[in-house]
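Peer 1: Can you read through this structure? Questions will come right after.
The values are calculated or read from the model by the stated rules, or taken from the named source; none is laboratory data. No experiment lies behind these values; they were computed from the predicted model shown. A quick note on method: Cβ atoms are made from the backbone with ideal geometry, for glycine too, and the neighbour counts reach across all protein chains shown.
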Amino acid sequence: MKKKQENQKRGCGGKKNSVQELLSIQYFTKYGLMTEHGEMVFFQIAPTNISVLSYENIERKINHLQGLISMHPDMEIVCTDSCECFDGNREYLRRRASEESNRQVRSILEQDREMLSQMQSEMSNARQFYLVMRFKNMKPDMVFSAINEARKRMSEKGFETHRLTKPELKKWVDYALANDTLILFDAAYEAFIQEDDVPHSIYEIKGAKKCAIEFRSFSKTAGFTGVRCGYTVVPKELTAATLEGERISLNKLWNRRQCTKFNGTSYITQRAAEAIYTPEGKRQIKETIGYYMNNARTMKEGLEMAGLKVYGGVNAPYIWLKTPNGVSSWKFFEQMLYEANVVGTPGVGFGPSGEGYIRLTAFGTHEDCVEAMRRIRNWLI
């Protein structure tokens, strides 16, 4: 009776008429919306290798992705919808046609409008989708891991994943602060970052000094990677808890470790690192990084032309390619070595998450990169 009265007060007469009521939305969460049936999270996804995929293949990939995710008992795709629209142009043609007195011109405008609608239904599907997922039976601290699992599945099935922009990185920082978790952030190749919205340091994110340790490198920036020279940033604000719950300074612990177990970098290596900050050093490094990133761009484009799924090569001098047909890292490494005469690094060598991938480096001459891509294309196509 009380519930009925509450519904009548809302003007619903016991029926769920508003969007909020129809979706059973309770409140906003850190990642999306909480409903009676689980947390809803919104993704924006796009198929990779768009230029070589037909509309039918893209539709097949979408259906396959939906089937794959639906196999997880606590994940559910609520809906998908293309998000690239031509509504503005269509509206302009509609208005222009309504104002046109010449019947033949009006007919042409109507035909253009219909063609635009057809293009939207085909081209937009090949570019971007909104995907809404519901994570059921999950506590809030489990949703973050589930989102990463969903993204991993999307990536494995040929859908582009978001790069680690500042808003994305802020989610990690917020999670770490809320759950007393420590982030180890590898910024060794930050000098190679090309895009403005990709952070060079985790400390660009508010609150990160209380939850993150960052690793930086002089040698990787200057191109003498085998001669180790880097540093670790451990903020004084950063603390961790003992088993008894006592908070201790990680900066002091790290300082103790460095002072007792490390003899320091050789003098000649330190002088090489120092040269990075001279005017001539800055000029040379900018030129060298530009050369290697051009190599990375050449490799990325070449591998995509060969029909491979490729990651990286935009903000780092490394390319990660997904091995086709579920071939293991070591098997593909051997095939590429003996059949194409190109060597890479098996992804599994970086840990279990690297299985099924090969890492290629852009450190080399441009001529060698072009030749390697030619060999791979001839081998695969």
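Peer 1: Conditions first: (1) over 16 Å from Gly312 (Cα atoms); (2) part of a strand (DSSP E or B); (3) among the β-branched types (Val, Ile, Thr). Val348 passes all but one, so which condition is the exception?
Peer 2: (2)
Peer 1: Restricted to the stretch 211-260, and to residues that are polar (S, T, N, Q) and under 19 Å from Ala188 (Cα atoms), which residue is surrounded by the fewest Cβ atoms within 10 Å (Cβ to Cβ)?
Peer 2: Thr232
Peer 1: Condition test on Ser201, is it at pLDDT 70 or above and of a type in the set (Ser, Thr, Tyr)?
Peer 2: yes
Peer 1: Moving to a separate point now. Somewhere in the stretch 301-320, is a residue in contact with a Gly (Cβ under 8 Å, 6 or more places away or on another chain), buried (at least 16 other Cβ atoms within 10 Å of the Cβ) and part of a helix (DSSP H, G or I)?
Peer 2: The answer is no; no qualifying residue exists.
Peer 1: Which residues, counting only those in the stretch 204-233, are farther than 16 Å from Asp180 by Cα and part of a loop (DSSP other than H, G, I, E, B)?
Peer 2: Ile205, Phe218, Gly223, Phe224, Thr225, Gly226, Val227, Arg228, Cys229
Here's the yes/no breakdown for (1) of a type in the set (Phe, Trp, Tyr); (2) under 30 Å from Val327 (Cβ atoms); (3) in contact with a strand residue (DSSP E or B) (Cβ under 6 Å, 6 or more places away or on another chain); (4) not in a loop (DSSP other than H, G, I, E, B):
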| residue | (1), (2), (3), (4) |
| --- | --- |
| Ala176 | no, no, yes, yes |
| Glu244 | no, no, no, no |
| Lys252 | no, no, no, yes |
| Arg257 | no, no, no, yes |
| Asn263 | no, no, no, no |
